[in-house]
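Heads up, the thing below is written out as structure tokens.
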Amino acid sequence: MDYDKKMAWFNEARFGMFIHFGLYSLLEHGEWVMYEERIPAAEYAKLADRFAPVNFNAVALADQAVQAGAKYMVFTTRHHDGFCLFDSKVSDFTSTKTAAKRDFVGEYVEAARKAGLKVGLYYSLLDWRFPGYFEPEKYPESSQAMVEQAHAQVRELMTNYGKIDILFYDGGWTAQADLNPERMAAFWRARELNDMVKSLQPGIIINNRSGTLEDIDTPEQRVAASQAGRGWESCMTIGDFVTWGFVRHNPNYKTVPQLLQHLITAAQGEGNLLLNVGITPEGRICNEESERLNAMGQWLRQNGEAIRGSQRCELIGHAVTGQVDINLQGPWTRKGNIGYWHLFRWPGREAVQILVDTPVRKVTLLSTGQELPFNYDKASGKLRIYNMPFTPPDSAVNVLRVEFESEPKRRSERDLAEWITA
Ligand code: FHN
């Protein structure tokens, strides 16, 4: 399928909800607990006897994503511990064959679709239960078996749950932390794997973590734009960067303005934010995360126009490569001839944007529709917006919607000192 066509819904969405849930959720020490505490496989497997999250409600999860303004979800079908939240013919270490006796992936997919959300599946290639993962030369058969298992399970996921919109691979690196794409692709037989995925799910968006480039880049815990024309998605936790699985006592949650600023910064570079929730042992989203998501949803309901399907804007934004200026107030997004100025810091009565090369027709405050007087001086390239409310209407981020005569262009400064004597 044509790349732009395939990516259209993804680029319109800009915001997705990531869900980390698995056996590790029971221990509340994060999703790496098995490895970080070197819990032997047989001992770790006993967790499955008491993994029966009665409050796991996929409909409620999907509802939360909708409330947050997310347009898609990505769910951990299996993390590095190898425990599958789906039925698998090639493993008994699954939620369908142990205490829970539930196919959480099936429940999730159905709920997501019903809520009108696009469906993403996360799958960890590596599986810590295989000695051959850690020592492939010493245990070549085990290493082979792990790769075979990954191929078989990805096939199951791509076959048994109807249309899947995103495949989010993870854990493609070696135990020696080798992230060389060629070696990763050779180890996992990624080309063969992804050919199979594409034949089963035409139109699926595949991430870049199996060793082959595929459709999207996935910067983690940071927002970093790819080259124009290439899709990308920053995945990030609401809490601090150490853990994606639920941790009960974590004082390090990001604030709503911080989270919105990450979303906007992604939108500025034509990328998405995939924001993670760590599900509690009982199967819920904790209040700290839920409250933040709801606040983001509230903001998006008023300002979503500036985010959905956003394009890059030439006006100075936040730390744009190759430009010395950093716009104190915040970055711009764009849609056609409309520029959206995201005020991360409220400037008071007047906002000044320099190096504007395109005449302006109209300025409004996006959330209220209030029209604001302005002056655009073609000679200096300055846009002054006046009579703004003294206190910011939104306590997090306010957006000025600026209608230009044509696509807003940035004026280049041929003589960098000219402005001093102007
Ligand atoms: O090791 C994982 C981590 O637990 C988490 O799942 C994140 C999400 O992108 N990915 C890995 C590290 O890149």
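Values quoted throughout were computed directly from the atomic coordinates according to the rules given, and no laboratory measurement underlies them. Worth saying up front: this structure is predicted, and the values here are computed from it rather than measured. Note: ideal-geometry Cβ built from the backbone for every residue, glycine included; neighbour counts use all protein chains shown.
Here are some notes:
- Share of pairwise Cα separations in region 96-223, more than 25 Å, in percent: 29
- Projecting the Cα positions of Ser88, Ala65, Gln258 onto the charge dipole of region 3-306 (unit charges on Cβ atoms of Lys, Arg, Asp and Glu, taken about the Cα centre) puts Ala65 furthest along the positive direction.
- Its Kirkwood hydrodynamic radius, worked out from the mean inverse distance over all distinct Cα pairs, puts region 3-306 at 19.4 Å.
- Whole-Å distance, taken between Cα centres, linking region 5-39 and region 72-123: 12
- Cβ-based exposure ranking for Arg349, Arg410, Arg384, in which fewest neighbours within 10 Å come first: Arg349, Arg384, Arg410
- Estimated FRET transfer efficiency (Glu36, Arg301; beta-carbon r; R0 51 Å; 0.05): 0.80
- Footprinting exposure proxy for Val256, Val363, Val90 (fewest neighbouring C-beta atoms within 10 Å first): Val90, Val256, Val363
- Listing Tyr139, Tyr340, Tyr3, Tyr24 from fewest to most neighbouring C-beta atoms within 10 Å gives Tyr3, Tyr139, Tyr340, Tyr24.
- Once the Cα-Cα distance is subtracted from the 0.36 nm per residue extended length, the Lys378 to Lys198 segment shows a gain of 59.7 nm.
- For region 261-278 versus region 333-408, the spacing of their alpha-carbon centroids is 22 Å.
- Net charge of Cβ neighbours under 15 Å - reference Gly297; Lys, Arg +1; Asp, Glu -1: 0
- A Cα-only calculation for region 332-411 places Rg and Dmax at 11.7, 35 Å.
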